[in-house]
């Protein structure tokens, strides 16, 4: 399930110090973006953050819960998003530290995917809008 409107607004308020927080439905879940970079996901009003090798130690408390996953061909596929402990919603400064670490990880993952010779990203503007721009 996607994030409820109330939970989405709560996250926007809590994460606002990071930058422009937006959310978008994705695969039956809600992607959490900061300035266009996805660093978190929400399902059933549970917040998950991006984890990779460089920030795994920061999130060791989250390793106690299963990562965000989905079923594919009868197998469970774990994603690189770990559940944020509920206690952090009462600790906005610590939640910000976790979110900043997840955002940094998301930037590193995006950079690896893009690679050094990747072409520049195309604008998401509609074709009609692109035709009308100077």
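No lab work stands behind these numbers, since they all come straight from the coordinates. In this text the structure is predicted, and so the values were computed from the model without any measurement. All Cβ positions, even for glycine, are placed from backbone atoms using ideal geometry, and neighbour counts span all protein chains on display.
Tell me, what is the FRET efficiency for residue 9 and residue 77 to the nearest 0.05, using R0 = 22 angstrom and their Cβ-Cβ distance as r? Could you put the intermediate results ahead of the total?
Working: r = 30 Å, r/R0 = 1.37.
Calculated transfer efficiency: 0.15.
For an R0 of 25 angstrom, estimate the FRET efficiency from the Cβ-Cβ distance between residue 26 and residue 89 and round to the nearest 0.05. Mind dumping the intermediate values first?
Numbers: r = 22 Å, r/R0 = 0.89.
After rounding to 0.05, the efficiency reads 0.65.
So what is the relative contact order of the chain, in percent, for Cα pairs below 8 Å that sit 6 or more residues apart? Write out the running numbers ahead of the final one.
Details: 177 pairs, mean separation 28.3, N = 134.
Once divided by the residue count of the chain, the mean separation gives 21 percent.
All distinct Cα pairs of the stretch 1-50 go into the 1/r average, and the inverse of that average, the Kirkwood radius, is 10.4 Å. With a ≥ b ≥ c taken as the square roots of the eigenvalues of the C-alpha gyration tensor of the stretch 54-110, please select rounded if a/c is under 1.5 and otherwise prolate if a/b is larger than b/c or oblate if it is not? Oblate, because a/c is 1.5 or more while a/b does not exceed b/c. Report the residue, chosen from 102, 71, 62, that carries the largest GNM mean-square fluctuation when the chain is represented by alpha-carbon nodes joined by springs under 10 Å. Judging by the Gaussian network model, the answer is 71.
On the basis of the beta-carbon distance and an R0 of 22 Å, residue 63 and residue 113 show a calculated FRET efficiency of 0.35. Could you work out the helix-only [θ] at 222 nm for the chain, with each DSSP H run of four or more residues adding -39,500 (n - 2.57) and the total divided by the number of residues, to the nearest 500 deg cm²/dmol? Rounded to the nearest 500, the figure is -9500 deg cm²/dmol. For the stretch 5-132, what does the convex hull of the Cα positions come to per residue, in cubic angstrom? Convex hull volume per residue, Cα atoms: 157 Å³. Between residue 70 and residue 44, the modelled labels are 1.7 nm apart [label points 7 Å from Cα along Cα→Cβ].
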